1. Relative contact order of the chain: what whole-number percent is it, with Cα pairs under 8 angstrom and at least 6 residues apart?
2. With each run of n ≥ 4 DSSP H residues scored as -39500 (n - 2.57), what mean residue ellipticity at 222 nm is computed for the chain after dividing by its residue count and rounding to the nearest 500 deg cm²/dmol?
3. For region 56-125 and region 389-440, write down the distance between their C-alpha centroids in whole Å.
4. I want the local charge near L192. Using Cβ-Cβ distances under 14 Å, sum +1 for each Lys or Arg and -1 for each Asp or Glu among the other residues.
5. When Lys and Arg each count +1 and Asp and Glu each count -1, what net charge do the other residues less than 10 Å away from S208, Cβ to Cβ, add up to?
6. Direction-averaged shadow area of the convex hull around the Cα atoms of the chain, nm²?
7. Just the projected area, averaged over all directions, of the convex hull on the alpha carbon atoms of region 269-316: how many nm²?
8. To the nearest 10 square angstrom, what accessible area does H240 show with a 1.4 Å probe?
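The values are calculated or read from the model by the stated rules, or taken from the named source; none is laboratory data. Nothing here was measured: the structure is a model prediction, and the numbers come from that model. Positions of Cβ are generated from backbone atoms using ideal geometry, with glycine treated the same way; all protein chains shown enter the neighbour counts. Quick note on the areas: whole protein, heavy atoms, side chains included, nothing else; ligands and nucleic acids left out. Shrake-Rupley method; radii C 1.70, N 1.55, O 1.52, S 1.80 Å.
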Amino acid sequence: MNYYYIETFGCQMNVHESEKIAGILSSRGLSATDNVNLADVIVFNTCCIRDTAEKKIEGNIGELKALKRASPEKILIVSGCMTQQKGRAEALKKRFPFIDIILGTANQYELGAELDKLCASPKRSKRVSVRFDDRPPIDESVPVTRTSYPNAWVNIMYGCNNFCTYCIVPYVRGRERSRDKEHIIAEIRTLLDSGYKEITLLGQNVDSYGSDIGNVTFYDLLKDIAKINAKFRLRFMTSHPKDLSEEVIKIIAETPNFCNNIHLPVQSGSDRILKAMNRKYTRKRYLELIETIRKYMPNCGITSDIMVGFPGETDEDFADTMSLTSSVRFQNAFTFVYSPRAGTPAAQMEQIPKEIKKERITALVALQNRISDEISADYLGKTEEILAEDAPEENVLVGRTDTGRLVRFAGDRSLIGSFINVKITKNKASALFGEIVNNG
Ligand code: SAH
Ligand code: SF4
Ligand code: F3S
């Protein structure tokens, strides 16, 4: 076996988990390829947050049937959240009998051992390895092949305890398990020593970091990261409005390395819907939190997730979401149509007609686009420090402002990983364009 190909669906957590899968495969001597036809091992790392995600993945797996028929020696592995739903692994096996290994999220680190078992079996019998364990162990020894330089993803915790009534994540990712603070700090130091310039901490609810181990909080972790003496950027996701504290907001504001950028999903502007979602905060508490953030960081880039069409959402509830969106003025928002997930409480509630969901999402997207455009216009003429992150084309760089806005500008790819002053000259369809400012 020479090459592996990994296709990742879903959130940053999954992107990082794919780096661990890549690490396991690289440690066995395989190299990455982006050509699926060349690959000896093909991995689909899946997501099931919405029905659209699952349908797309099923379509993509189906497309591999011909390739597997032509080259049966290729090994197809399907892992991640989709496989961890109750009964889903068996259903996948039945529908796509050519999948060689179906691997859950709880035991993703066993991918290497599963490969060995597959290859050792004389008839290469297909394997289903999904473990229903709410507290699977954290394996600190999994190698990581990073793919996002100059950014590095760092898990601080796994799983979720919140059980928002619409969400499948707690069922497929188990309960909250925090990593030891010392392990996290050591990983960050090693990454910075090896040249990474941006660290993004990952957790479904970073603000409750440590609550499962006791004696340590997210604030304690940030305090230790703030002491690291190097120039880098720190971001984290996701914060939960019920748990984000003033001391955390303060330390972000006070620490030059910490980006003024907070992702704070609101989901809905209606108290009635927030309650039915089990979000455990009110519209008032959310708006106060936004005020606190802006008190300490007037220019903070605040982004959000907003959902329409949750069961029982009336015109009035939706109007509350629109008015909250107007008054907060998010820099950007991911907008979603509620999608019923089997096994979650909201899937049992009375559903909203499709047409109404469609009308509401169209109105919300139009409102948010207008706001994002207006905020972009405020950047015109300003000079911003940009971390050059990628070169999508010859002599074109993209990178982000401290507040998290993507900017495109001319420059050589050797500048990837450098902090550069860029003057914002153009704003088109909420994208920013700029020019390098010559300091000499
Ligand atoms: N842990 C994070 C987000 C996890 S999922 C948080 O608590 O915010 C990312 C986003 O997907 C959520 O914020 C929510 O807006 C959306 N989402 C989750 N389940 C959904 C569903 N069933 N239908 C539509 N959107 C959903
Ligand atoms: Fe899902 Fe809520 Fe947990 Fe986020 S906090 S992962 S939305 S259950
Ligand atoms: Fe992420 Fe999708 Fe799983 S959003 S946690 S990959 S269900």
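1. Over the chain, the number comes to 10 percent.
2. Value at 222 nm, helices only, nearest 500: -10500 deg cm²/dmol.
3. What the calculation gives is 40 Å, centre to centre.
4. Working: positive: R146, R189, K197, K227, K231, R233; negative: E187, D193, E198, D224.
Taking every other residue near L192 into account, the sum is +2.
5. Values: positive: K242; negative: E176, D207, D212, D243.
Counting the neighbours of S208, the net charge comes to -3.
6. Dividing the Cα hull surface by four gives the mean projection, 21.9 nm².
7. Taking the Cα atoms of region 269-316, their convex hull projects to 3.8 nm² on average.
8. 10
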